[in-house]
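Working notes, structure below.
The values are calculated or read from the model by the stated rules, or taken from the named source; none is laboratory data. Please read these numbers as outputs of a predicted model, since none were measured by experiment. All Cβ positions, even for glycine, are placed from backbone atoms using ideal geometry, and neighbour counts span all protein chains on display.
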């Protein structure tokens, strides 16, 4: 199926020794990769479709993990806010309880004062009653003498002096009784007023206490509501973390499947190379992911790697299209955060296909020559088109490095240098 599109690679010629080593390291026949009734190019296309599905699934899982992390941050912030509100409410409840205890103490003191005054009023009332009885008795006697005739007074008295002394005593006693009685009445009235004031103060305190108890009840309800929200958010946070762990495990599995699939594709391309079904002189239309060469070390290089850059379609003095003026990390490719065993960032696809095949594609040099980057996989790994476009080839004049150049429909140009 469209064999011409896939016969685009015969990049540098591998020696028989390298081919033998490659195939021995990738044990198994072509039948282990492709069914017998499927052509190699159809098998390659099917593997590429699986590769694209795994890439899309990886991207979907990465987005979901990012969303879960964002959700967890939001939930954590909400939980912290709720915990602050709960602490504030608890402190307010404690403050109210302290004030309530103080009010209760004041009320108990007032009650004792009221009881004391009530007892004083009772005692004073009793004394007043006794005084009134005494006064009434003396008044009775006084009135009795007042209405006696001179003859009766003369007959009842032993002598005139005694009679006058009795009358004088009764008058003085009556005057003193009136004053004492008035004093007791006034004192009783004052005690009544004081008791009324204390009872009013007690009533005000009890009303304040009731209001405070109502407020405390409302705060308790608010605390319960906040704790319920916190527990709910904590449960959501736990569920989100579980989902994230599941998604990370699935992403890890998907990446492992992708690495296995990449190995199969690399093995298939190697076998297609061995059978002469790929050419290194193809130029013309290519699709993203289509092989266009192999990683080598032609030109000015100290070791095999792929020099890759994205150009906006601008030719630069002394550089032409080789000057990378578009940052590949702006969503076109992805750098890390995973690293290889050598501590180098691993590179994966973004909106563009990663331009180098292999289980692990490492970043050996970041931005240089503008925003170009250097990538490595295994020696001779297939280099593929990062985006649909029109392929041309060439040899740069300074160091004779072999390169491929793809012009894309949007006017951009991608450069692939140091091909075999």
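Taking segment 281-303 as the search range and keeping residues that are more than 19 Å from residue 377 (Cα to Cα) and out of contact with any helix residue (DSSP H, G or I) (no Cβ under 9 Å at 6 or more places or on another chain), which one is modelled with the lowest pLDDT?
Step by step, filter segment 281-303, then rank; the result is 281.
Does residue 268 satisfy being in contact with a helix residue (DSSP H, G or I) (Cβ under 7 Å, 6 or more places away or on another chain), modelled with pLDDT under 85, closer than 15 Å to residue 420 by Cα and buried (at least 20 other Cβ atoms within 10 Å of the Cβ)?
Answer is no for this residue.
From (1) more than 39 Å from the chain's Cα centre (by Cα); (2) more than 15 Å from residue 417 (Cα to Cα); (3) assigned to a strand (DSSP E or B), pick out the condition that doesn't hold for residue 378.
Looking at each condition in turn, residue 378 falls short on (3).
When segment 393-420 is examined, which residues are found to be surrounded by fewer than 15 Cβ atoms within 10 Å (Cβ to Cβ), more than 51 Å from the chain's Cα centre (by Cα) and either within 18 Å of residue 281 (Cα to Cα) or in contact (Cβ under 8 Å) with a residue 40 or more places away in the chain (or both)?
Within segment 393-420, 394, 395, 398, 399, 400 qualify.
What number of residues within segment 355-405 are in contact with a strand residue (DSSP E or B) (Cβ under 9 Å, 6 or more places away or on another chain) and under 16 Å from residue 323 (Cβ atoms)?
Number of matching residues: 15.
Just wondering, is there one or more residues in segment 313-328 that are in a loop (DSSP other than H, G, I, E, B), at pLDDT 95 or above and within 28 Å of residue 56 (Cβ to Cβ)?
The answer is yes; a qualifying residue exists.
So, in segment 184-221, of the ones that are more than 27 Å from residue 106 (Cβ to Cβ) and in contact (Cβ under 8 Å) with a residue 24 or more places away in the chain, which residue ends up surrounded by the fewest Cβ atoms within 10 Å (Cβ to Cβ)?
It comes out as 185.
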